[in-house]
Amino acid sequence: MGRASLRLKGFTVPIRNAAVLPLAFAVIGLSACSFGSEPTVSGADLSEAAADALEGEIGERPEVDCGDEAIEVAEGKEVECLVTVASTGSEFDATVTFNGVNGDEWDFDVQVASEPNNAPSEAPSTDPADAQSSAPADDGGTIQVTAEEFSKAVADALVEQWGSLPEIDCRTDVSMYAGAIHYCELVDGADRYTITITIDSVVGNQFYFTAELADTPN
């Protein structure tokens, strides 16, 4: 029996009229068969276990593909997987790393990429006050979000990275649609840090986004 701790980084998750970027841990169980000196787990079982853990983190069950072959469980071994979120169509690379192997007991970490493989590639403007000017896709939804709601969503998303709930200024009401890029600022005393917000998708009245905080103040 194995035990896994899931480390999720930068994965976008929806809440009503907002979205957050969680850094969280989940504990799941695995069963393994032994062939030779090391325990093994099938790719299908590992995929299922990772999906179980991710479901609790993102509020829906993703599809996880870690391959079909049996995987030898050895300390430090890495397994590349692919995570697909059905509601957005976003695909994320993920890496499973086995740690602390002791007989048929083991721990492993799962790290999910901070950006989807199919994220928009438009180059953002350098002016924090500018919003993305491209039109929404014909097949995508659009919702209106107030500056206050947007600022709160971004603040919630950056709590883990900043270490506390930051003050966020998103200035104006915005239209949310897949591919849009908006800019907010994190206010820290006299310093202001630009935040680039990429809207990954809109589903109903929920939006999914990726937030990138500048390393240095403006």
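Here, each number is a calculation from the coordinates, and none is a lab measurement. Predicted model, so just to flag it, every value in this text is computed and none were measured. Ideal geometry is used to build each Cβ from the backbone, glycine not excepted, and the neighbour counts take in all protein chains shown.
Descriptive notes on the structure:
- Gyration tensor (alpha-carbon) shape descriptor, segment 143-213, a/c threshold 1.5: prolate
- Between THR142 and VAL203, residue separation times 0.36 nm minus the direct Cα-Cα distance comes to 21.1 nm.
- Exposure proxy ranking, count of Cβ atoms within 10 Å, fewest first, for PHE92, PHE207: PHE92, PHE207
- Neighbour-count order for VAL110, VAL145, fewest beta carbons within 10 angstrom listed first: VAL145, VAL110
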